[in-house]
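Below: the structure, in structure tokens.
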Amino acid sequence: MTSGIRLFLFGSLRRQLIVGVAAVHAVMMTLFIADIAQKQKAAFLDYQLRQAIALVSNLATSSVNGTASHDIMGLQELVDAQTVYQELKFAIVTDVNGLVLAHTDHARVGQHLLDMPTDPIQKIISNSLTLVDVATPVLLMRHHVGWIRIGIAQTGVKQKLNDISRKGLLFTLVTILTGSLLAWVMGRQFTKRLYVINSVMKEVQAGNTAVRSEVSGSDEAADLSAGFNSMLDKLAQQIVERTAAIKDLRESEEKYRLLFDSAGDAIFIHDTDGRFLEVNSLACERLGYSHAELMSLPLSKLDTPEQCQYVQDRVVRLMEQGHHMFETVHQRKDGSTVPTEVSARKINWDGQLAMMNICRDISKWKLAEEEIRQLNNKLEQRVIERTAQLEIAYQEMESFAYSVSHDLRGPLRSIDGFSLALLEDCGDKLDDDGKNYLRRVRTATQRMAQLIDDILKLSRVTRVNMASETVNLSTMAVSIAEELRRTDQQRKVEFVIKDDVLAKGDPRLLMLVLDNLLGNAWKFTYGRAEARIEFGISNLDGKTAYFVRDDGAGFDMKYMDKLFTAFQRLHTELEFPGTGIGLTLVQHIIHRHGGTVWAEGAVDQGATFWFTLGNK
Amino acid sequence: MKNKWILLVEDNADDEELTRRALKKNKIMNELIVARDGAEVLGYLLGDGDHAGHNKDSLPSVILLDLKLPKIDGIEVLRRLRENEKTAHVPVVILTSSEEEQDIAIAYKNGCNSYIRKPVDFVQFNEAVQNLGLYWLMLNEPPVK
């Protein structure tokens, strides 16, 4: 009820203005009217009193003699004469003691008035709108001889006062109405501009964001309108931006979702307590759960029971390192397992710490790994078999070499032995040709024995176990040179051997290399009055190369490839003896050391043999 | 000189003949007994097996032992001889075609006194036999008289 009234009164600015103006008018006018009525009343009272005093004084003067002489008749006449005053209520003459001598009401003559003042001075007994009652003493020669009492009552005063009030009320009402009307007009003028803004606001609310308020002028309403418009503009701008942002966000969300769900790996996001926050569709698909089922599982259910015990450790490691990769085995809903490689990472998920596991199905890898393992095993098996076969082959070769050394040499010995026996025992029965033939038989036999020995040497170089030591080639070369000199002290050969040439390899085999190369140099400088044989070291393209150089017979470079072939010779046996196995032996040994050997030379201009050792 | 005899262990008849000739050429006239295989040697010296009856009272001044033999090979013969107290100190010279390092090593390991490779050149062979006879029959004092 009260709220209804309040709404009615203060529901709009216009009404508030009208109510305000009306209230102000009402209060002001009421106070004004009340003040006027009050002053009017006081004026009336004052007038009444002065009239009463004037009347009583006049009567007292005129009734001195009558009072003093108790001329009742005369006094009554005087009193009655007073009745010309319409307002007069009563006029009384008493003696000193209050005995009524004359009264406008004749019936009361002779009565005593008890309410007379005691002292002989004028006294206002009553002063109100209904009655002004004044008593004044009658004095004769300063002797108090009696009292005059006059009562006046202006019957019209109250009426007049009521008139004043009534007219005041009327004025008040008129003023209120006028004020309200003015207020209404002004309010209308004022609020009309506000309503323009208001209607724009309502239209914007209804969805038409393009409208703007049009309030002219430079007052506050115009400012408000301009402010409101600029606010609308800003809002519209913000809405445009916001819409674009939302669109971007939605697109980004869609992209993320697309990526998340079409990723080639299963993705699980869980919080630090092992509750899933999100899983992608591949995760569900791979493990055979619906999205809701998987989301409700605890993290520990993901792994097989055997793997489950490591979950806590992994979380701890992940917390420490921020990123952690490991292999595990996931379990499908149906109990089957998936070997999985997990790349786990700490992430921020909606403001809380979470872990993202990107899980790759490595079943194929595992299968491939198993296949590789089996292949390796097979290969190893095959290597073992081959090695065994090789060992058998080696053994066969060794037994072959053994039987060559034994069985082929036996018959040769017989041929040589009996040829010699024939020459010695039956020499007299043979002519020179016969003896010559037998000598040739013996030479051939011995050469064959030499060849067999060389073949054995070659096979031994191939078979022997290699040591790897630091070898001083210079010392070796010096001792070989001394040995060669001893075989023919007549020859003038200068050996130039570089000091402290070191190499890494098998000492016996490297000795054989130098023995052959220096031996060749010695052999092919035979017949020179003076010869020079050099052993040294040189750097060829960053690699250490060793060389043996002589100024002997040399060779034609076009036969270079024949130099190292077994039993191939560039000279006749008569020119230079030999089986043609030496350089083949050298090549075998150098190759076994991972090096290469080659030669440079020209006919009659000497030869240089180079070799490198790969392990240096 | 009369009691000093040579035991030649050789399965090759040519080698036996050439050895005999070389000895003869070098005037080494001591008795030469030839065993054709390892088992025969052990029979002669230790009274083992088929040749138990052929054993002699005295021991040879030197045994010329080939390595490649039928039945029981040279190294095994050497090992058995060295095992037996009676023959443990008899001089044994390995006379063989092989100059394989492992053969030489294993022969010495089993207690041979010398190792000689038969040269193909018969002149050299003669020299070798001459030296052998001279050394083992003349110079060397045998462990048991």
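With respect to the stated conditions, A:Val240 is modelled with pLDDT of 85 or more, part of a helix (DSSP H, G or I) and of a type in the set (Val, Ile, Thr). Could you please find all residues in the stretch A:436-450 being open to solvent by less than 30 Å² (accessible area, probe 1.4 Å) and away from chain B (no Cβ under 11 Å)? Within the stretch A:436-450, just A:Leu438 meets the criteria. For the stretch B:83-142, the candidate set comprises residues that are in a loop (DSSP other than H, G, I, E, B) and within 12 Å of chain A (Cβ to nearest Cβ); within that set, the residue that is surrounded by the fewest Cβ atoms within 10 Å (Cβ to Cβ) is B:Glu99. Within the stretch B:1-36, if we keep just the residues that are among the charged types (D, E, K, R) and farther than 28 Å from A:Ser419 by Cβ, the residue that is farthest from the other protein chains (Cβ to nearest Cβ) turns out to be B:Lys2.
Across the stretch A:111-125, the number of residues qualifying as among the charged types (D, E, K, R) and surrounded by 15 or more Cβ atoms within 10 Å (Cβ to Cβ) comes to 1. In the set (1) of a type outside the set (D, E, K, R); (2) within 14 Å of chain A (Cβ to nearest Cβ); (3) under 25 Å from B:Lys24 (Cα atoms); (4) not in a helix (DSSP H, G or I), B:Ile63 fails one condition alone, (2). For the stretch A:383-422, give me each residue that is at pLDDT 80 or above and either at the interface with chain B (Cβ under 7 Å from one of its Cβ atoms) or open to solvent by less than 40 Å² (accessible area, probe 1.4 Å) (or both). Answer for the stretch A:383-422, where residues must be at pLDDT 80 or above and either at the interface with chain B (Cβ under 7 Å from one of its Cβ atoms) or open to solvent by less than 40 Å² (accessible area, probe 1.4 Å) (or both): A:Arg409, A:Gly410, A:Leu412, A:Arg413, A:Ser414, A:Asp416, A:Gly417, A:Ser419, A:Leu420, A:Ala421.
Let me confirm something: among A:Asp433, A:Asp453, which residue is assigned to a helix (DSSP H, G or I), within 14 Å of chain B (Cβ to nearest Cβ) and either open to solvent by 50 Å² or more (accessible area, probe 1.4 Å) or free of Cβ contacts under 8 Å to residues at least 60 places away in the same chain (or both)?
Working: A:Asp433 fails: within 14 Å of chain B (Cβ to nearest Cβ).
After ruling out the rest, the residue left standing is A:Asp453.
Kindly indicate the residue of the stretch B:66-82 that is assigned to a helix (DSSP H, G or I) and open to solvent by 70 Å² or more (accessible area, probe 1.4 Å) and also farthest from the other protein chains (Cβ to nearest Cβ) among those meeting that condition. So that I can check it myself, show each step before the final result.
Narrowing the stretch B:66-82 to residues assigned to a helix (DSSP H, G or I): B:74-82.
Cutting the leftovers down to open to solvent by 70 Å² or more (accessible area, probe 1.4 Å) gives us B:79-80.
On the way: B:Arg79: 19, B:Arg80: 22 Å.
It comes out as B:Arg80.
Filtering the stretch A:209-238 to residues that are farther than 14 Å from A:Val196 by Cβ and open to solvent by 70 Å² or more (accessible area, probe 1.4 Å) leaves A:Thr209, A:Ala210, A:Ser218, A:Met231, A:Asp233, A:Lys234, A:Leu235, A:Gln237, A:Gln238. Within the stretch A:183-208, if we keep just the residues that are under 22 Å from A:Arg14 (Cα atoms) and polar (S, T, N, Q), the residue that is surrounded by the most Cβ atoms within 10 Å (Cβ to Cβ) turns out to be A:Thr191. Pairing each residue of the stretch A:532-559 that is over 24 Å from A:Asp515 (Cβ atoms) with any residue that is of a type outside the set (Phe, Trp, Tyr) and modelled with pLDDT under 85, provided the two are 6+ apart or on different chains, yields C-beta distances under 8 Å for A:Asp556/A:Leu570.
Rundown of residues vs (1) in contact (Cβ under 8 Å) with a residue 60 or more places away in the chain; (2) open to solvent by less than 60 Å² (accessible area, probe 1.4 Å); (3) within 30 Å of A:Leu31 (Cβ to Cβ), yes/no style:
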{"site": "A:Asn127", "(1), (2), (3)": "yes, no, yes"}
{"site": "A:Val134", "(1), (2), (3)": "yes, yes, no"}
{"site": "A:Arg142", "(1), (2), (3)": "no, no, no"}
{"site": "A:Gly146", "(1), (2), (3)": "yes, yes, no"}
{"site": "A:Arg149", "(1), (2), (3)": "yes, yes, no"}
{"site": "A:Ala153", "(1), (2), (3)": "yes, yes, yes"}
{"site": "A:Asn162", "(1), (2), (3)": "no, no, yes"}
{"site": "A:Arg166", "(1), (2), (3)": "no, no, yes"}
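For the condition touching a residue at least 24 places away in the same chain (Cβ under 8 Å) and closer than 30 Å to A:Asn162 by Cα, A:Gln82 qualifies. Look at (1) modelled with pLDDT of 90 or more; (2) farther than 26 Å from A:Leu502 by Cα and you find that A:Asp604 fails only one, number (1). The single condition among (1) at pLDDT 90 or above; (2) more than 9 Å from chain B (Cβ to nearest Cβ); (3) in a helix (DSSP H, G or I); (4) buried (at least 18 other Cβ atoms within 10 Å of the Cβ) that A:Phe495 does not meet is (3).
Looking at the stretch A:83-110 only, could you name the residues that are closer than 18 Å to A:Ser63 by Cβ and surrounded by fewer than 15 Cβ atoms within 10 Å (Cβ to Cβ)? Scanning the stretch A:83-110 gives A:Thr83, A:Val84, A:Tyr85, A:Asn97, A:Asp105, A:His106, A:Arg108, A:Gly110.
Residue under question is A:Ile36, and the condition is that it be under 22 Å from A:Asp115 (Cα atoms) and either outside any helix (DSSP H, G or I) or touching a residue at least 40 places away in the same chain (Cβ under 8 Å) (or both); does it hold? Walk me through how you get there before you give the answer.
Details: under 22 Å from A:Asp115 (Cα atoms): no; either outside any helix (DSSP H, G or I) or touching a residue at least 40 places away in the same chain (Cβ under 8 Å) (or both): yes.
It is false that A:Ile36 is under 22 Å from A:Asp115 (Cα atoms) and either outside any helix (DSSP H, G or I) or touching a residue at least 40 places away in the same chain (Cβ under 8 Å) (or both).
Can you tell me how many residues in the stretch A:456-486 are hydroxyl-bearing (Ser, Thr, Tyr), over 11 Å from A:Pro507 (Cα atoms) and open to solvent by 70 Å² or more (accessible area, probe 1.4 Å)? Spell out how you get there, then give the answer.
Just the residues of the stretch A:456-486 that are hydroxyl-bearing (Ser, Thr, Tyr), to begin with: A:459, A:462, A:468, A:470, A:474-475, A:479.
Now restrict to residues that are over 11 Å from A:Pro507 (Cα atoms): A:459, A:462, A:474-475, A:479.
Still in the running and open to solvent by 70 Å² or more (accessible area, probe 1.4 Å): A:475.
Of the residues in the stretch A:456-486, 1 are hydroxyl-bearing (Ser, Thr, Tyr), over 11 Å from A:Pro507 (Cα atoms) and open to solvent by 70 Å² or more (accessible area, probe 1.4 Å).
The values are calculated or read from the model by the stated rules, or taken from the named source; none is laboratory data. As the structure is a prediction and not an experimental result, all values here were calculated from the model. Cβ atoms come from the backbone with ideal geometry, glycine included; neighbour counts cover every protein chain shown. Heads up: the accessible areas ignore ligands, DNA and RNA and are worked out on the full protein's heavy atoms, side chains in. Shrake-Rupley method; radii C 1.70, N 1.55, O 1.52, S 1.80 Å.
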